[in-house]
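Just so you know, all these numbers are worked out from the coordinates, no wet-lab data involved. Not measured: the values here are computed from a predicted model. Backbone-built Cβ (ideal geometry, glycine too); neighbour counts: all protein chains shown.
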Amino acid sequence: MTVPDPRELLDLALEAARKGGALAARGQHGISVLDVKSSPTDVVTEMDRATEEMIRDVLLSARPDDAILGEEGGAAQGRSQVRWVVDPIDGTVNYLYGRAEWAVSVAAEVDGEVVAGVVEVPVLGRTYTAVRGEGAYRNGEPISVADPVDLSMALVATGFGYAAERRRKQAQVLGALLPKIRDIRRGGSAAIDLCTVAEGSVNAYYEQGVHPWDWGAGALIAEEAGARVAGLRGTPPNNAMLVAAPPGLFEPLHDLLVSLEADRDA
Ligand code: IPD
Ligand code: CA
Ligand code: CA
Ligand code: CA
């Protein structure tokens, strides 16, 4: 079997994310909650599902042998080396409230490694892309992380899970962190948070409890823009805790999060 070309995977990811993003944007006005998942605030709308279906159709009609992992359950088993990791609407709560900060996230893995990713932010007209080893781009223009700053001067993005237990711990960590940094931003989309690290509009991002579909594309974009992206204590970014920051800032933020046991839920 020939190894798939990451640039071709990026083109397909782009097509899927753009079509999905356009569909979701058309359906945003007047949207309501369809169902709840892990808690009453963990909502899903009809458009989360419809968008995932549309993305899946675009991907599988071009590459029927690939696997898919989608947040809304759209799994497909594959026979190729490629798996697509899809969050159809990252930032569903923002979407529900008519806000602009939500994204379609599509990542392509080859043999388990993300090699191409797109974070499409339809309402803001922003498309973030990366191919491994080839840099990160916003609307076709190269982007890079902000210069490293002292932790005390860092603007740090984060997010919170939906479960009450996790939130209690996240609030504790936040309480200890806040006096030690410039400020916090809670944008409401992990994928966009990672892209803001990539473009330098925040210095760093961390979050406990994220899933591969939240960070698959955004982590590659942040890495390709110069960030270090990992879990705590040397773990790869797949055990739910994610820290992203330029080298020089990553280490003190990481060490502080370790001392706060930020990767524990209770
Ligand atoms: C959520 C968003 C949010 C993050 C949560 C995610 P969803 O994804 O990325 O910013 O804090 O951890 O679950 O549910 O809107 O796709
Ligand atoms: Ca998500
Ligand atoms: Ca989602
Ligand atoms: Ca969700």
- Task: Would you work out the charge dipole size for the chain about its Cα centre, treating the Cβ of every Lys and Arg as +1 and the Cβ of every Asp and Glu as -1, and quote it to the nearest 20 debye?
- Result: 580 debye
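How do the peptides 35-45, 61-71, 101-111, 181-191 rank, highest first, by the average count of neighbouring beta carbon atoms within 10 Å per residue?
Details: 35-45: 14.2, 61-71: 17.3, 101-111: 26.6, 181-191: 19.3.
Result, highest mean Cβ count within 10 Å first: 101-111, 181-191, 61-71, 35-45.
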- Item | the chain: relative contact order as a whole-number percent, Cα under 8 Å and 6+ apart | 17 percent
- Query: Could you state the number of Å between the C-alpha centres of segment 1-24 and segment 73-127?
  - Reply: 10 Å
- Message: Please enumerate, by chain and number, the lysines with C-alpha under 29 Å from the C-alpha of Lys180, excluding those fewer than 8 residues away in the same chain.
- Response: Lys169
- Please say if segment 151-259 is rounded, prolate or oblate, where rounded means a/c under 1.5 for a ≥ b ≥ c the square roots of the C-alpha gyration tensor eigenvalues, and otherwise the choice is prolate for a/b larger than b/c and oblate otherwise? rounded
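Give me the extension gain from Arg233 to Asp147: residue separation times 0.36 nm, minus the current Cα-Cα distance, reported in nm with one decimal.
On the way: separation 86, 0.36 × 86 = 30.96 nm, distance 2.37 nm.
Contour length minus the Cα-Cα distance gives 28.6 nm.
Can you compute the charge dipole magnitude of segment 7-79 about its Cα centre, using +1 on each Lys and Arg Cβ and -1 on each Asp and Glu Cβ, nothing else charged? Give it in debye, rounded to the nearest 20. Don't skip to the end; give the middle numbers.
On the way: 9 positive and 14 negative charges, 32 e Å.
For this selection, approximately 160 debye.
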- Message: If you average the C-alpha positions of segment 153-217 and of segment 227-266 separately, how far apart do those two centres end up, in angstrom?
- Response: 11 Å
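For segment 1-73, what is the relative contact order in percent, using Cα pairs closer than 8 Å and at least 6 residues apart in sequence? Provide the component values of the computation, followed by the final result.
Working: 48 pairs, mean separation 22.8, N = 73.
The normalised contact order for segment 1-73 reaches 31 percent.
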- Query: Among residues other than His211 whose Cβ falls under 9 Å from its Cβ, what is the net charge (Lys/Arg +1, Asp/Glu -1)?
  - Reply: -3
- For the pair Arg185 and Glu113, the simple spin-label estimate (label points 7 Å beyond Cα toward Cβ) gives in nm 3.0 nm
- Query: Roughly what would the spin-label model give for Ser39 and Leu124, points 7 Å off Cα along C-beta, in nm?
  - Reply: 2.5 nm
- Rounded to one decimal in nm, the spacing of the 7 Å Cα→Cβ label points at Ala75 and Gln172 is 3.2 nm
- Message: Pick from Ile55, Ile31, Ile89 the residue whose mean-square fluctuation is largest in a GNM of the chain, springs joining Cα atoms under 10 Å.
- Response: Ile31
- Item | Mean residue ellipticity (222 nm) of the chain, computed from DSSP H runs ≥ 4 via -39,500 (n - 2.57), nearest 500 | -10500 deg cm²/dmol
- Query: Of Met54, Met153, Met241, which has the largest mean-square fluctuation in a 10 Å C-alpha GNM of the chain?
  - Reply: Met153
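If the chain between Asp11 and Glu165 were fully stretched, how many nm would it gain, using 0.36 nm times the residue separation less the Cα-Cα distance?
51.4 nm
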- Base-10 log of normalised Debye intensity for segment 1-147 (one unit scatterer per alpha-carbon) at q = 0.10, 0.14 Å⁻¹: -0.34, -0.65
- Query: What trypsin sites (Lys or Arg not before Pro) in segment 50-116 are in a loop by DSSP, with at most 13 other Cβ atoms within 10 Å of the Cβ?
  - Reply: Arg79
- Query: Using θ = phi - 60° and the Karplus curve 6.51 cos²θ - 1.76 cosθ + 1.60, what whole-Hz ³J(HN,Hα) does each residue of segment 162-178 get, with Gly and Pro shown as x?
  - Reply: 9, 7, 4, 4, 4, 5, 4, 5, 4, 5, 4, 4, 4, x, 7, 7, 3
